[in-house]
Amino acid sequence: MNDTVERYTKTAIILHWLVALMIIVMLALGLWMHELPKDAPKTAVFDLFNWGIYTVTLPEPVSVRTFYFNLHKSIGMTVLVIILIRVIWRLTHAAPAFPATMKAWEMKLADWGHKGLYVLMLVLPLSGFIMSIYSKWGIMWFGIPVVKGLDNPQLRDFFKEVHEISAWLIILLIVLHVIAAVKHKVVDKDDVMKRMSLHG
Ligand code: HEM
(Lines give C-alpha, C1' and ligand atoms only; values in the text may rest on other atoms or scores of the structure.)
Protein backbone atom coordinates (compact mmCIF):
# COMPACT_ATOMS: atom_id res chain seq x y z
CA MET A 1 0.00 0.00 0.00
CA ASN A 2 1.25 3.45 -0.86
CA ASP A 3 0.07 5.76 1.89
CA THR A 4 1.76 8.82 0.45
CA VAL A 5 -0.77 9.20 -2.42
CA GLU A 6 -3.09 12.02 -1.40
CA ARG A 7 -5.72 12.00 -4.12
CA TYR A 8 -7.26 9.60 -6.59
CA THR A 9 -5.78 9.36 -10.09
CA LYS A 10 -7.66 10.65 -13.16
CA THR A 11 -8.48 7.05 -14.18
CA ALA A 12 -9.91 6.24 -10.74
CA ILE A 13 -11.99 9.46 -10.75
CA ILE A 14 -13.40 8.85 -14.26
CA LEU A 15 -14.23 5.22 -13.41
CA HIS A 16 -15.90 6.28 -10.12
CA TRP A 17 -18.22 8.86 -11.71
CA LEU A 18 -18.94 6.80 -14.85
CA VAL A 19 -19.96 3.73 -12.81
CA ALA A 20 -21.93 5.89 -10.32
CA LEU A 21 -23.92 7.50 -13.14
CA MET A 22 -24.57 4.19 -14.93
CA ILE A 23 -25.69 2.43 -11.73
CA ILE A 24 -28.12 5.25 -10.88
CA VAL A 25 -29.54 5.17 -14.44
CA MET A 26 -29.88 1.36 -14.21
CA LEU A 27 -31.58 1.50 -10.80
CA ALA A 28 -34.11 4.01 -12.15
CA LEU A 29 -34.66 1.97 -15.34
CA GLY A 30 -35.01 -1.30 -13.37
CA LEU A 31 -37.57 0.09 -10.92
CA TRP A 32 -39.50 1.85 -13.69
CA MET A 33 -39.65 -1.04 -16.19
CA HIS A 34 -40.82 -3.40 -13.42
CA GLU A 35 -44.19 -1.55 -13.48
CA LEU A 36 -44.69 -1.83 -17.28
CA PRO A 37 -47.81 -3.76 -18.38
CA LYS A 38 -47.39 -7.42 -19.33
CA ASP A 39 -50.23 -7.43 -21.86
CA ALA A 40 -49.53 -4.28 -23.93
CA PRO A 41 -49.80 -4.63 -27.74
CA LYS A 42 -46.56 -5.27 -29.69
CA THR A 43 -44.94 -2.55 -31.76
CA ALA A 44 -41.66 -2.13 -33.69
CA VAL A 45 -41.26 1.64 -33.18
CA PHE A 46 -40.35 3.09 -29.77
CA ASP A 47 -39.98 6.75 -28.90
CA LEU A 48 -37.37 6.27 -26.15
CA PHE A 49 -39.07 7.00 -22.78
CA ASN A 50 -41.63 9.08 -24.77
CA TRP A 51 -39.19 12.00 -24.62
CA GLY A 52 -39.53 12.81 -28.34
CA ILE A 53 -35.71 12.83 -28.68
CA TYR A 54 -34.79 9.43 -30.15
CA THR A 55 -36.90 6.82 -31.93
CA VAL A 56 -35.82 3.17 -32.16
CA THR A 57 -37.13 0.99 -35.01
CA LEU A 58 -36.83 -2.77 -34.40
CA PRO A 59 -36.77 -5.51 -37.09
CA GLU A 60 -39.86 -7.08 -35.50
CA PRO A 61 -42.59 -5.91 -33.08
CA VAL A 62 -42.17 -6.61 -29.33
CA SER A 63 -44.09 -5.57 -26.21
CA VAL A 64 -43.06 -2.40 -24.38
CA ARG A 65 -41.92 -4.58 -21.44
CA THR A 66 -39.67 -6.72 -23.67
CA PHE A 67 -38.18 -3.60 -25.26
CA TYR A 68 -37.17 -1.96 -21.97
CA PHE A 69 -36.11 -5.27 -20.37
CA ASN A 70 -33.77 -5.83 -23.35
CA LEU A 71 -32.45 -2.27 -23.01
CA HIS A 72 -31.84 -2.86 -19.27
CA LYS A 73 -29.96 -6.10 -20.01
CA SER A 74 -27.87 -4.47 -22.77
CA ILE A 75 -26.82 -1.44 -20.70
CA GLY A 76 -26.42 -3.73 -17.65
CA MET A 77 -23.89 -5.96 -19.41
CA THR A 78 -21.98 -2.88 -20.56
CA VAL A 79 -21.93 -1.59 -16.97
CA LEU A 80 -20.77 -5.02 -15.76
CA VAL A 81 -17.72 -4.87 -18.07
CA ILE A 82 -16.87 -1.33 -16.87
CA ILE A 83 -17.32 -2.46 -13.23
CA LEU A 84 -14.95 -5.40 -13.82
CA ILE A 85 -12.36 -2.94 -15.22
CA ARG A 86 -12.93 -0.74 -12.16
CA VAL A 87 -12.50 -3.63 -9.71
CA ILE A 88 -9.30 -4.83 -11.45
CA TRP A 89 -8.01 -1.25 -11.42
CA ARG A 90 -8.74 -0.91 -7.69
CA LEU A 91 -7.11 -4.25 -6.86
CA THR A 92 -3.94 -3.18 -8.65
CA HIS A 93 -3.83 0.47 -7.49
CA ALA A 94 -3.80 1.66 -3.86
CA ALA A 95 -6.37 4.22 -2.77
CA PRO A 96 -5.09 7.37 -1.06
CA ALA A 97 -4.94 7.15 2.73
CA PHE A 98 -7.85 8.64 4.70
CA PRO A 99 -7.22 12.15 6.10
CA ALA A 100 -5.36 11.92 9.43
CA THR A 101 -8.15 13.98 11.03
CA MET A 102 -10.57 11.04 10.72
CA LYS A 103 -11.13 8.93 13.83
CA ALA A 104 -10.17 5.22 13.72
CA TRP A 105 -13.83 4.08 13.83
CA GLU A 106 -14.71 6.47 10.97
CA MET A 107 -11.93 4.99 8.83
CA LYS A 108 -13.13 1.47 9.61
CA LEU A 109 -16.74 2.37 8.76
CA ALA A 110 -15.69 4.07 5.49
CA ASP A 111 -13.54 1.07 4.59
CA TRP A 112 -16.41 -1.38 5.19
CA GLY A 113 -18.83 0.88 3.30
CA HIS A 114 -16.52 0.95 0.27
CA LYS A 115 -16.01 -2.84 0.43
CA GLY A 116 -19.80 -3.29 0.59
CA LEU A 117 -20.27 -1.06 -2.45
CA TYR A 118 -17.71 -3.09 -4.44
CA VAL A 119 -19.36 -6.40 -3.48
CA LEU A 120 -22.83 -5.10 -4.46
CA MET A 121 -21.46 -3.54 -7.67
CA LEU A 122 -20.51 -7.09 -8.69
CA VAL A 123 -23.41 -9.07 -7.20
CA LEU A 124 -26.08 -6.78 -8.71
CA PRO A 125 -25.22 -7.06 -12.44
CA LEU A 126 -23.97 -10.66 -12.10
CA SER A 127 -27.25 -11.78 -10.50
CA GLY A 128 -29.19 -9.99 -13.29
CA PHE A 129 -27.00 -11.74 -15.86
CA ILE A 130 -27.45 -15.21 -14.29
CA MET A 131 -31.20 -14.65 -13.75
CA SER A 132 -31.56 -13.81 -17.43
CA ILE A 133 -29.63 -16.93 -18.49
CA TYR A 134 -32.08 -19.06 -16.46
CA SER A 135 -35.12 -17.25 -17.90
CA LYS A 136 -36.76 -18.50 -21.09
CA TRP A 137 -35.77 -15.33 -22.96
CA GLY A 138 -31.97 -15.41 -22.67
CA ILE A 139 -29.89 -12.30 -23.34
CA MET A 140 -29.29 -10.00 -26.30
CA TRP A 141 -26.80 -7.12 -26.30
CA PHE A 142 -28.40 -4.30 -28.32
CA GLY A 143 -30.00 -6.84 -30.68
CA ILE A 144 -27.00 -9.22 -30.87
CA PRO A 145 -27.80 -12.65 -29.34
CA VAL A 146 -25.45 -13.40 -26.38
CA VAL A 147 -26.94 -16.47 -24.63
CA LYS A 148 -30.06 -18.55 -25.08
CA GLY A 149 -32.38 -18.85 -22.07
CA LEU A 150 -32.18 -22.14 -20.12
CA ASP A 151 -35.78 -21.75 -18.87
CA ASN A 152 -35.25 -22.90 -15.28
CA PRO A 153 -37.94 -21.10 -13.21
CA GLN A 154 -36.51 -22.11 -9.78
CA LEU A 155 -33.01 -20.79 -10.46
CA ARG A 156 -34.40 -17.77 -12.30
CA ASP A 157 -36.55 -16.86 -9.26
CA PHE A 158 -33.61 -17.34 -6.89
CA PHE A 159 -31.33 -14.97 -8.84
CA LYS A 160 -34.23 -12.54 -9.33
CA GLU A 161 -34.53 -12.36 -5.55
CA VAL A 162 -30.74 -11.78 -5.24
CA HIS A 163 -30.98 -9.06 -7.92
CA GLU A 164 -33.83 -7.25 -6.15
CA ILE A 165 -32.31 -7.48 -2.66
CA SER A 166 -28.89 -6.32 -3.88
CA ALA A 167 -30.58 -3.40 -5.71
CA TRP A 168 -32.21 -2.20 -2.45
CA LEU A 169 -28.99 -2.77 -0.47
CA ILE A 170 -26.92 -0.74 -2.94
CA ILE A 171 -29.52 2.07 -2.82
CA LEU A 172 -29.09 2.11 0.99
CA LEU A 173 -25.27 2.12 0.76
CA ILE A 174 -25.27 4.84 -1.95
CA VAL A 175 -27.46 7.06 0.27
CA LEU A 176 -25.11 6.54 3.25
CA HIS A 177 -22.08 7.12 0.97
CA VAL A 178 -23.50 10.46 -0.24
CA ILE A 179 -24.40 11.53 3.33
CA ALA A 180 -20.81 10.74 4.40
CA ALA A 181 -19.35 12.70 1.47
CA VAL A 182 -21.53 15.73 2.27
CA LYS A 183 -20.53 15.50 5.96
CA HIS A 184 -16.84 15.62 4.94
CA LYS A 185 -17.49 18.77 2.93
CA VAL A 186 -19.91 20.62 5.21
CA VAL A 187 -19.04 19.47 8.75
CA ASP A 188 -15.42 18.29 8.64
CA LYS A 189 -14.45 20.72 5.83
CA ASP A 190 -11.66 18.37 4.67
CA ASP A 191 -10.40 17.42 1.16
CA VAL A 192 -12.26 14.11 0.76
CA MET A 193 -14.71 15.45 -1.91
CA LYS A 194 -11.94 17.35 -3.71
CA ARG A 195 -9.73 14.30 -4.18
CA MET A 196 -12.54 12.49 -6.06
CA SER A 197 -13.02 15.51 -8.34
CA LEU A 198 -11.21 16.18 -11.63
CA HIS A 199 -11.03 19.91 -10.83
CA GLY A 200 -9.77 19.44 -7.27
C1 HEM B 1 -25.47 -2.25 -12.33
C2 HEM B 1 -26.31 -2.90 -13.08
C3 HEM B 1 -27.76 -3.16 -12.75
C4 HEM B 1 -28.62 -2.50 -11.92
C5 HEM B 1 -28.33 -1.27 -11.06
C6 HEM B 1 -29.90 -3.17 -12.00
C7 HEM B 1 -31.04 -2.79 -11.30
C8 HEM B 1 -32.26 -3.41 -11.39
C9 HEM B 1 -33.44 -3.03 -10.63
C10 HEM B 1 -33.52 -1.92 -9.60
C11 HEM B 1 -34.45 -3.88 -11.00
C12 HEM B 1 -35.88 -3.89 -10.45
C13 HEM B 1 -35.91 -4.77 -9.20
C14 HEM B 1 -37.25 -4.73 -8.52
O15 HEM B 1 -38.23 -4.89 -9.19
O16 HEM B 1 -37.28 -4.54 -7.30
C17 HEM B 1 -33.94 -4.76 -12.01
C18 HEM B 1 -34.67 -5.74 -12.66
C19 HEM B 1 -34.17 -6.58 -13.65
N20 HEM B 1 -32.85 -6.65 -14.08
FE21 HEM B 1 -31.34 -5.45 -13.47
N22 HEM B 1 -29.79 -4.23 -12.89
C23 HEM B 1 -28.50 -4.27 -13.35
C24 HEM B 1 -27.97 -5.17 -14.24
C25 HEM B 1 -28.69 -6.16 -14.90
C26 HEM B 1 -28.14 -7.09 -15.87
C27 HEM B 1 -26.66 -7.14 -16.30
C28 HEM B 1 -29.17 -7.87 -16.30
C29 HEM B 1 -29.16 -8.97 -17.32
C30 HEM B 1 -28.27 -9.15 -18.25
C31 HEM B 1 -30.37 -7.44 -15.59
C32 HEM B 1 -31.62 -7.99 -15.75
C33 HEM B 1 -32.77 -7.61 -15.07
C34 HEM B 1 -34.07 -8.17 -15.29
C35 HEM B 1 -34.45 -9.24 -16.32
C36 HEM B 1 -34.94 -7.53 -14.40
C37 HEM B 1 -36.46 -7.76 -14.25
C38 HEM B 1 -36.77 -8.86 -13.29
C39 HEM B 1 -38.26 -9.14 -13.34
O40 HEM B 1 -39.02 -8.31 -12.83
O41 HEM B 1 -38.60 -10.17 -13.88
N42 HEM B 1 -30.03 -6.41 -14.74
N43 HEM B 1 -32.61 -4.47 -12.22
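The values are calculated or read from the model by the stated rules, or taken from the named source; none is laboratory data. Remember, it's a predicted structure, so these values are computed and weren't measured experimentally. Cβ placement follows ideal geometry from the backbone for every residue including glycine, while neighbour counts extend to all protein chains displayed. Side chains included, ligands, DNA and RNA excluded: accessible areas come from the protein's heavy atoms. Shrake-Rupley method; radii C 1.70, N 1.55, O 1.52, S 1.80 Å.
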_Top-ranked residue of the stretch 70-97 - restricted to ones that are free of Cβ contacts under 8 Å to residues at least 40 places away in the same chain and open to solvent by 60 Å² or more (accessible area, probe 1.4 Å), ranked as nearest to Lys136 (Cα to Cα)_ = Val81
*Specify which of the listed residues (Lys108, Lys136, Lys148, Lys160) is open to solvent by 60 Å² or more (accessible area, probe 1.4 Å), near the ligand (Cβ under 9 Å from one of its atoms) and either within 23 Å of Val19 (Cα to Cα) or charged (D, E, K, R) (or both).*
Lys160
*asked:* Which condition from (1) at pLDDT below 95; (2) away from the ligand (no atom under 14 Å from the Cβ); (3) of a type outside the set (Lys, Arg) is the one that Ile14 breaks?
replied: (1)
_Given the condition under 21 Å from the mean Cα position of the chain (by Cα), open to solvent by less than 80 Å² (accessible area, probe 1.4 Å) and of a type outside the set (Phe, Trp, Tyr), answer yes or no: does some residue in the stretch 42-49 qualify?_
yes
_Within the stretch 5-30, considering residues that are without any contact (Cβ under 8 Å) to a residue 60 or more places away in the chain and more than 14 Å from Ile82 (Cα to Cα), the one surrounded by the fewest Cβ atoms within 10 Å (Cβ to Cβ)_ = Ala28
*Please work out which residue is least open to solvent (accessible area, probe 1.4 Å), limiting yourself to the stretch 186-200 and to residues that are free of Cβ contacts under 8 Å to residues at least 40 places away in the same chain and under 20 Å from Lys10 (Cα atoms).*
Met193
_Any residue that is assigned to a helix (DSSP H, G or I), farther than 30 Å from Thr9 by Cα and acidic (Asp, Glu) - is there at least one of those in the stretch 143-158?_
yes
_Please go through (1) more than 16 Å from the ligand (Cβ to nearest atom); (2) touching a Phe, Trp or Tyr at 6+ places or on another chain (Cβ under 9 Å); (3) part of a loop (DSSP other than H, G, I, E, B); (4) not hydroxyl-bearing (Ser, Thr, Tyr) for Glu6 and return the number of the only condition it doesn't satisfy._
(2)
*Would you mind telling me which numbered condition in (1) part of a helix (DSSP H, G or I); (2) free of Cβ contacts under 8 Å to residues at least 40 places away in the same chain Glu35 fails?*
(1)
